[in-house]
Amino acid sequence: MSGAGARKITSTCLAGLALLLLPAPGAGAACFPHSNEVCAGDWPLARHDLRASGSVRLRTPGGEVPRGWSHEQLLQVSSYQPGMTVWSSAAVGLVDGRAVVAAGCYDHRLLLFDAVSGRPLWSYITGDGVYATPLLWRDRATGDSWLFATSADGSIYALDALSGQRRWSRPVFDYRPSLDGCRLSAPALGVVDGRAVLFVGYWYWDRSLAGNTQQAGLLCLRATDGRPLWHRQFLDNRVHDPLFVHLPGGAVVLVSSADGNLRALRASDGRLLWSRRETEPYFSQPSAWRDADGVWRIFIGSAFGKLRALRAADGRELWSYPAGHWISGAAALLDAGGGTRVVFGTFANQLLALDAASGRRLWKHLAAGPVYSSPALVERGGDRQAIYAALDNRLTGVDAGDGVLRWSLDIGAPIWDGVPQGESLWASPVAARINGRWMLYLGSPAGAFLAIPLDQAELASTSPPWSNRRFWIIMVLVLAGTTMAATWLSRRQRLR
């Protein structure tokens, strides 16, 4: 063979080998946080993805079909403090080929369960309650599985997701005996200069005479060793779960806070790009969607009672919808009916679906109590459901196409009595399709962590208890009917 021919064959083989070694779609640098697409098996944001779907699809090598289970934590009921919840919202993913679900508890524990059987795999004790959603992430470069979480002890924890052993932890602030407390947001995975990072919002307060201070802000630190890269101080109120997104102009982290500001920061250095001021506090993270014209939109609601769609590049409002009461959960986006719709709950006892492009209302579902949770979205063939939890102490599924009630299950009343409405935002449901079966995971305010097969929820659905409103409406109708019948009989008697 000639030298030229050999060189041609060699170059062709090398080119083919290079193509084989390129990352496949959904793997390596092709997925979150290096792009906006989440890898299978990861849970890198508080509501899983930019659309805040709260749902994931998993397939394990063994193919085990999950079953329903519950975990009764040995809770020592302590005195209630404002903002406390029993469980955090859950994260579902894959660790070493096993489907797992992670959640934090107010008893200071972070727990990892086998999502199929419910068997506890490990628990890790922090210095205070774990109220924010943990993250699950597999580093494709090293093969290591990570679990990231925050605690009300003021620290960020990075654990080996397989064993539960601590890889690193970092306090957000220096400890002082006079500190009254703190709240940390869920971490958000991102990337800076090609390396994975975490974004964590913090808020701590000191009411002592000597200290008398509140501080809040956002911290960026390297995911693999916890080294701080930058931090930005905000005003003096709670900071909610951040959202990291790649925009045409560069990577941005969006974060809302109870001081009424939604801020967009440059991910590389924390420089403020724009902010959106609301007259009432924000309660939740934003969600993001790219429309048909390639324009990225941000969706967020607040205690002002409006859901707003903003242009991600500059924060300009595209449309707003007056919902009439607090919006405390993230707005979730799904494709249905030839378009994209945004689904969210309100404290006006409503779950709403709007057209994401125009803000036009598509349907309204009347709930039996204020809807505090972010919805979890399920797509099962042509069947789409939005699943939410409300202050009627029920988990409910509605048809995402028209808002018609599909099923409702009692999940129990909170372990604390007399919690003011909206002061504690209990865990939101998440959904996972594991080896072909849809499962719902939720930490109940009554104390149990629940894993419910969706098909069983539909079969075992119970009617919600009568509300006072229904009682009085029926009472008025009965009295009106009785009065009319008595009047008619009285007139008939007189005619005789």
Please give the number of the condition Ala258 fails out of (1) without any contact (Cβ under 8 Å) to a residue 24 or more places away in the chain; (2) touching a Pro at 6+ places or on another chain (Cβ under 8 Å).
(1)
Pick out, from region 28-107, the strands (runs of 3 or more DSSP E) lying fully within it that include 2 or more residues that are closer than 22 Å to Gly129 by Cα and under 22 Å from the mean Cα position of the chain (by Cα).
69-72, 91-95, 98-104
From the set of residues in region 222-248 that are of a type in the set (A, V, I, L, M, F, W, C) and over 28 Å from Ser302 (Cα atoms), which is surrounded by the fewest Cβ atoms within 10 Å (Cβ to Cβ)?
Leu229
Among the residues of region 416-434, which ones are among the polar types (S, T, N, Q) and surrounded by fewer than 16 Cβ atoms within 10 Å (Cβ to Cβ)?
Gln421
Filter pass, Asp383 being under 29 Å from Ala40 (Cα atoms) and among the charged types (D, E, K, R)
yes
List the pairs whose first member sits in region 90-118 and is within 15 Å of Leu159 (Cα to Cα), whose second member is buried (at least 24 other Cβ atoms within 10 Å of the Cβ) and polar (S, T, N, Q), and whose Cβ atoms are under 6 Å apart, counting only residues at least 6 apart or on separate chains?
Ala91/Thr133; Ala103/Ser88; Gly104/Ser88
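Here is a yes/no grid of residues against (1) in contact with a Cys (Cβ under 7 Å, 6 or more places away or on another chain); (2) farther than 24 Å from Cys182 by Cβ:
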{"site": "Arg57", "(1), (2)": "no, yes"}
{"site": "Glu64", "(1), (2)": "no, yes"}
{"site": "Trp69", "(1), (2)": "no, yes"}
{"site": "Trp87", "(1), (2)": "yes, no"}
{"site": "Ala90", "(1), (2)": "no, no"}
{"site": "Phe113", "(1), (2)": "no, yes"}
{"site": "Val116", "(1), (2)": "no, yes"}
{"site": "Trp122", "(1), (2)": "no, yes"}
{"site": "Thr126", "(1), (2)": "no, no"}
Scanning region 177-221 residue by residue, those farther than 19 Å from Leu262 by Cα, among the small types (Gly, Ala, Ser) and either within 20 Å of the chain's Cα centre (by Cα) or modelled with pLDDT under 90 (or both) turn out to be Ser178, Gly181, Ser208, Ala210, Gly211
Residue hits (region 100-141; buried (at least 17 other Cβ atoms within 10 Å of the Cβ), among the small types (Gly, Ala, Ser) and more than 20 Å from Ala52 (Cα to Cα)) are Ala115, Gly118, Gly129
Selection from region 277-289 of residues assigned to a strand (DSSP E or B) and either modelled with pLDDT under 95 or of a type in the set (A, V, I, L, M) (or both) yields Arg277, Ala288
Among the residues of region 154-178 satisfying the criterion of being assigned to a loop (DSSP other than H, G, I, E, B) and touching a residue at least 40 places away in the same chain (Cβ under 8 Å), which is farthest from Gly93 (Cα to Cα)?
Phe173
Lone qualifier among Asp236, Asp269, Asp259 - being part of a loop (DSSP other than H, G, I, E, B), of a type outside the set (Ser, Thr, Tyr) and within 20 Å of Leu189 (Cβ to Cβ):
Asp269
Give just the number: which of (1) of a type outside the set (Lys, Arg); (2) buried (at least 18 other Cβ atoms within 10 Å of the Cβ); (3) in contact (Cβ under 8 Å) with a residue 24 or more places away in the chain; (4) assigned to a strand (DSSP E or B) does Ala186 not satisfy?
(4)
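Residue-by-condition table, conditions (1) modelled with pLDDT of 95 or more; (2) under 17 Å from Val430 (Cα atoms); (3) surrounded by 11 or more Cβ atoms within 10 Å (Cβ to Cβ); (4) touching a Phe, Trp or Tyr at 6+ places or on another chain (Cβ under 8 Å):
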position: Ala24; (1), (2), (3), (4): no, no, no, no
position: Gly28; (1), (2), (3), (4): no, no, yes, no
position: Phe32; (1), (2), (3), (4): yes, no, yes, no
position: Pro44; (1), (2), (3), (4): yes, yes, yes, yes
position: Gly54; (1), (2), (3), (4): yes, yes, yes, no
position: Gln81; (1), (2), (3), (4): no, no, yes, no
position: Arg98; (1), (2), (3), (4): yes, no, yes, no
Criterion first (under 28 Å from Ser257 (Cα atoms) and either crowded, with 21+ Cβ neighbours inside 10 Å or of a type in the set (D, E, K, R) (or both)) does Gly324 satisfy it?
no
Just for region 335-350: of the residues that are among the aliphatic types (A, V, I, L, M) and buried (at least 24 other Cβ atoms within 10 Å of the Cβ), which one is nearest to Ala400 (Cα to Cα)?
Val343
Determine which member of the set Asp174, Asp144, Asp153 is surrounded by fewer than 17 Cβ atoms within 10 Å (Cβ to Cβ) and modelled with pLDDT under 95.
Asp174
Scan Leu229, Leu265, Leu310 and give me the residue that is farther than 24 Å from Thr213 by Cα and touching a Cys at 6+ places or on another chain (Cβ under 6 Å).
Leu229
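The values are calculated or read from the model by the stated rules, or taken from the named source; none is laboratory data. This structure is a prediction, so every number in the text was calculated from the model and none was measured. Counting neighbours? That spans all protein chains shown, and the Cβs are built from the backbone with ideal geometry, glycine included.
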